[in-house]
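As structure tokens, the structure follows; a few thoughts come after it.
The values are calculated or read from the model by the stated rules, or taken from the named source; none is laboratory data. This is a predicted model, so every value here is computed, not measured. Every residue, glycine as well, gets a Cβ built from its backbone with ideal geometry; the counts of neighbours run over all protein chains shown.
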Amino acid sequence: MKTRYAALSDPGRVRKNNEDAFWADPDLGFFAVADGMGGHAAGEVASRLALDTLRKAVAESRQTRETDFSPNQTALLSPPSTLLVNGIRLANQAVFQSSQEKEEYRGMGTTVVALYFFDSSSVVANVGDSRLYRVRGGKIAQLTEDHSLVWEQYRQGLLSKEALSGSSLKNIVTRALGMNPTVDVDVQEIDLLKGDLLILCSDGLSDLVGDQELTETVLGAPGDLNRACRDLTQLANKRGGKDNITVLLIQIE
């Protein structure tokens, strides 16, 4: 699948360290964003370790064409979906093991949202509250669901989507890499068309920029993905930049 991409990661206006990370490898068909957590720069370690491990797993599996099923897998998945899920589970193990071995890393973790293109398949997998959106025909759709306390309240009809970012509980994730020896991974194959624009981002962006504003901003920089990344980051910083901000844009050509 032919794509163009641009990405930008910014520490924001409050935090000194940037615990977000991203990886874009169009030749491999692999794109991901991770949002780390943990004191003493452990969040930076967690997000980078997770993406390094995940990318290596995807690259090795693709090279050898191996897509062995995980022993914990309960549903039959396509080979690309299986590959991505297994890679994220390996990333979880790497982060968890590192957190157990070093005291300064104890309790570290990270969210992840990853996109994988293989032949005619497009697969997204996520853990935590980093998101994937698709903009098509001027309309935006959130393709992933957050693993957070406020998202559960939204699903139960207790909060509107607009109220999520204003909740005092918005930073409580219910699932993340590194918290336990194993992790449940949400995965789905998505349909894509020529002209679709995909947005992978950390909650430092989605908490401060609403769906309609995301759409208007990326469409306001037609064809210029780098400008769109800058505009989105600047908008989040104007709103306070309370968290690290990472955005990765992919144009389907």
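Tell me, yes or no, whether the range 135-151 has at least one residue that is part of a strand (DSSP E or B), of a type in the set (A, V, I, L, M, F, W, C) and modelled with pLDDT under 95. Lay out the reasoning, then the answer.
Let us first name the residues in the range 135-151 that are part of a strand (DSSP E or B), namely 135-136, 139-142, 148.
Now restrict to residues that are of a type in the set (A, V, I, L, M, F, W, C): 135, 140-141.
Still in the running and modelled with pLDDT under 95: none.
Taking every residue of the range 135-151 in turn, none turns out to be part of a strand (DSSP E or B), of a type in the set (A, V, I, L, M, F, W, C) and modelled with pLDDT under 95.
Among the numbered conditions (1) at pLDDT 95 or above; (2) of a type outside the set (S, T, N, Q); (3) not in a strand (DSSP E or B), tell me where Ile199 comes up short.
(3)
Do we find that Thr111 is among the hydroxyl-bearing types (Ser, Thr, Tyr), touching a Ser or Thr at 6+ places or on another chain (Cβ under 7 Å), surrounded by 19 or more Cβ atoms within 10 Å (Cβ to Cβ) and at pLDDT 95 or above in this structure? Before you say what the answer is, go through the steps one by one.
Working: among the hydroxyl-bearing types (Ser, Thr, Tyr): yes; touching a Ser or Thr at 6+ places or on another chain (Cβ under 7 Å): yes; surrounded by 19 or more Cβ atoms within 10 Å (Cβ to Cβ): yes; at pLDDT 95 or above: yes.
Here the answer is yes, as Thr111 does meet what is asked.
Search the range 156-191 for residues being in contact with a strand residue (DSSP E or B) (Cβ under 9 Å, 6 or more places away or on another chain) and not in a loop (DSSP other than H, G, I, E, B), and hand back the single one that is surrounded by the most Cβ atoms within 10 Å (Cβ to Cβ). Working first, answer last.
As a first pass, look at the range 156-191 and keep what is in contact with a strand residue (DSSP E or B) (Cβ under 9 Å, 6 or more places away or on another chain): 161, 164, 169-179, 183-191.
Narrowing the set further to residues that are not in a loop (DSSP other than H, G, I, E, B) leaves 161, 164, 173, 177, 186-189.
Values: Lys161: 12, Leu164: 20, Val173: 23, Leu177: 31, Asp186: 17, Val187: 20, Gln188: 15, Glu189: 14.
Top of the filtered list is Leu177.
Between Ala24, Ala34, Ala42, Ala46, which is more than 25 Å from Arg106 (Cβ to Cβ) and not aromatic (Phe, Trp, Tyr)? Break it down stepwise before answering.
Values: Ala34 fails: more than 25 Å from Arg106 (Cβ to Cβ); Ala42 fails: more than 25 Å from Arg106 (Cβ to Cβ); Ala46 fails: more than 25 Å from Arg106 (Cβ to Cβ).
When all the criteria are applied, what remains is Ala24.
Determine the pairs where a residue that is at positive phi, located within the range 234-251, has a partner that is surrounded by 18 or more Cβ atoms within 10 Å (Cβ to Cβ) with Cβ atoms under 6 Å apart, the partner being 6 or more residues away or on another chain.
Gly241/Gly12
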